[in-house]
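This report refers to the structure that appears directly beneath it.
The values are calculated or read from the model by the stated rules, or taken from the named source; none is laboratory data. The shown structure was predicted, so the numbers you read here are calculated from the model rather than taken from an experiment. Here Cβ is always computed from backbone atoms with ideal geometry, including for glycine, and neighbour counts include all displayed protein chains. Note: accessible area is taken over every heavy atom of the protein model, side chains too, but ligands, DNA and RNA are not part of it. Shrake-Rupley method; radii C 1.70, N 1.55, O 1.52, S 1.80 Å.
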Amino acid sequence: MSFFNKLFGRKTREEETMTTAKMNIGIILGSTRQGRVSPQVGEWVKEIADQRGDANYEIVDIADFQLPFLGTTDGTEPGIAAWNEKLGSLDGFVFIVQEYNHSITGALKNALDFAREAWNDKAAGIVSYGSTGGARTAEHLRGICGELKIADVRTHPTLSLFTDFENGTQFKPQSLHLANVNTMLDEVVAWSGALKTLR
């Protein structure tokens, strides 16, 4: 920005484009096991998000990339490059996570570790579920996000296996979660836009 534009608070064309262009937000499914319910939760979040019209939202399923275990191959599998390319195209994330032994799934940790720069200086929200709403898995994920330079937002919708799922398999969320999801998305979109200036 020129001195003149700074003096009068005028934005350059590049800055105007950055502030008006819609962010691309990936809703990342954090489980790959058979019988998983994360696709149901992810689609629910996407339905809410798409009604807002403030960003481009898409489901990103780790299972589609068929990532090997980190360190067990020479790293030339096409899924690894495709995974990094997909993450690189996104401005922010919403992680759909479920609690396994008080933490995230091995598949999600593996996927997180298979990228570095593609995560950096981006925002993320967390939607978790489990017997205690997945609160403990979210806390573990926040620590990993810090190391990967992902700015995780404060608002965190937590879903209970006892009150938001029927027989532990059919997702039937209570309406009270809607406000939290929208607040979380507000924060993810705002932070994603702000962090874009760093990349």
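A few remarks follow.
- Accessible surface comparison of 158, 76, probe 1.4 Å, protein chains only, largest first: the order is 76, 158.
- For segment 109-199, the set of GluC sites (Glu not before Pro) satisfying both a DSSP loop assignment and a count of at most 11 other C-beta atoms within 10 Å is empty.
- Modelled FRET efficiency - R0 25 Å, residue 74 with residue 117, Cβ distances, 0.05 increments: 0.75
- A probe of 1.4 angstrom, applied to the heavy atoms of all protein chains, finds residue 100 with accessible area near 80 square angstrom.
- Gain on full extension, evaluated as 0.36 nm per residue between residue 52 and residue 147 minus their Cα-Cα distance, stands at 31.1 nm.
- DSSP beta bridges in the chain [antiparallel fraction, %, rounded to 5]: 10
- Crossing angle, helix 177-196 versus the chain [Cα axis fit, 0-90 degrees, rounded to tens]: 40
- Overall shape of the chain was characterised from the C-alpha gyration tensor. The equivalent ellipsoid obtained from it has semi-axes of 30, 22, 14 Å, in decreasing order.
- With Cα atoms, 0 to 90° folded angle of helix 78-88 axis to the chain main axis: 50
- Annotated for the chain: lysine pairs at least 8 residues apart or interchain, Cα distance under 13 Å, count 4.
- Angle between the chain longest axis and helix 135-147 axis [Cα atoms, degrees, rounded to 10]: 40
- Where both bridge residues fall in segment 74-136, DSSP classifies roughly 10% of the beta bridges as antiparallel.
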